[in-house]
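Values in this text are rule-based calculations from the coordinates and carry no lab data. Bear in mind that the values here come from a model prediction, so they are computed numbers and not experimental data. Note that each Cβ is placed from the backbone with ideal geometry, even for glycine, and that neighbours are counted across all protein chains shown.
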Amino acid sequence: MPLEYNERLEFLGDSILNFIVAEQLYKTNKFFSEGELTRRRAIIVNNNFLADKARELELGKFLLLGKGEKKQKGSKNPTNLANALESLIGAIYLDAGIRQIRKTILKTIFEGSNLF
């Protein structure tokens with residue numbers, strides 16, 4: 001079986017992450033308007049935040065990179081790290097379902113933060 005790229009998992013993980021964050025904002029901020037909820041979701045789900053979380057999880061050491069990307073230290077590239085975290089979210093969802101990925105996202109990524 002050929003090695004697949006992560007773009008499809010990244011797409012799925014990004015969508016799931018946006019959903020879980022939107023759901024959590026909706027539940028915990030009953031008086032916010034749609035615009036405010038959207039603004040806060042955009043602040044929470046951004047590449048810098050996701051890259052920082054991916055660094056904490058040391059995802060960079062698990063990335064399979066080409067020679068050029070390795071030379072340019074692609075395992076430390078914030079975009080690569082954020083994309084890797086989104087791919088991981090997609091993979092966990094496919095393997096374990098929405099309840100498990102919700103728990104994982106809220107505990108691993110957002111626990112202890114004051115973002116909600």
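Tabulated data
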| read-out | value |
| --- | --- |
| Within-13-Å neighbourhood charge of L85 [Cβ basis; K, R +1; D, E -1] | -4 |
| L106-K73 pseudo-label distance in nm [points 7 Å out on the Cα-to-Cβ vector] | 3.7 nm |
| Ascending count of other beta-carbon atoms within 10 Å, so fewest first, for D95, D52 | D95, D52 |
| Simple Cβ-charge dipole of the chain, Lys/Arg +1 and Asp/Glu -1, about Cα centre, in debye nearest 20 | 260 debye |
| Mean Cβ count within 10 Å, highest first, over the residues of peptides 107-114, 58-65, 83-90, 19-26 | 83-90, 19-26, 58-65, 107-114 |
| Positive minus negative residues near L106 (Lys, Arg vs Asp, Glu; Cβ under 14 Å) | +4 |
| Order of R99, R40 under a 10 Å beta carbon neighbour criterion, fewest first | R99, R40 |
| Cross-link table K53/K73; K70/K107; K30/K103; K67/K107; K27/K53; K61/K107, entries beyond 29 Å C-alpha to C-alpha | K70/K107; K67/K107 |
| Among A82, A96, A54: highest mean-square fluctuation, GNM of the chain, C-alpha pairs under 10 Å | A96 |
| Angle between the chain longest axis and helix 78-96 axis [Cα atoms, degrees, rounded to 10] | 70 degrees |
| Largest-first principal axis extents of the Cα set of the chain (Å) | 51, 28, 23 |
| Helix axis angle, 34-44 relative to the chain longest principal axis, alpha carbon, degrees | 30 degrees |
| 222 nm mean residue ellipticity, helices alone, for the chain (DSSP H n ≥ 4; -39,500 (n - 2.57); rounded to 500) | -20000 deg cm²/dmol |
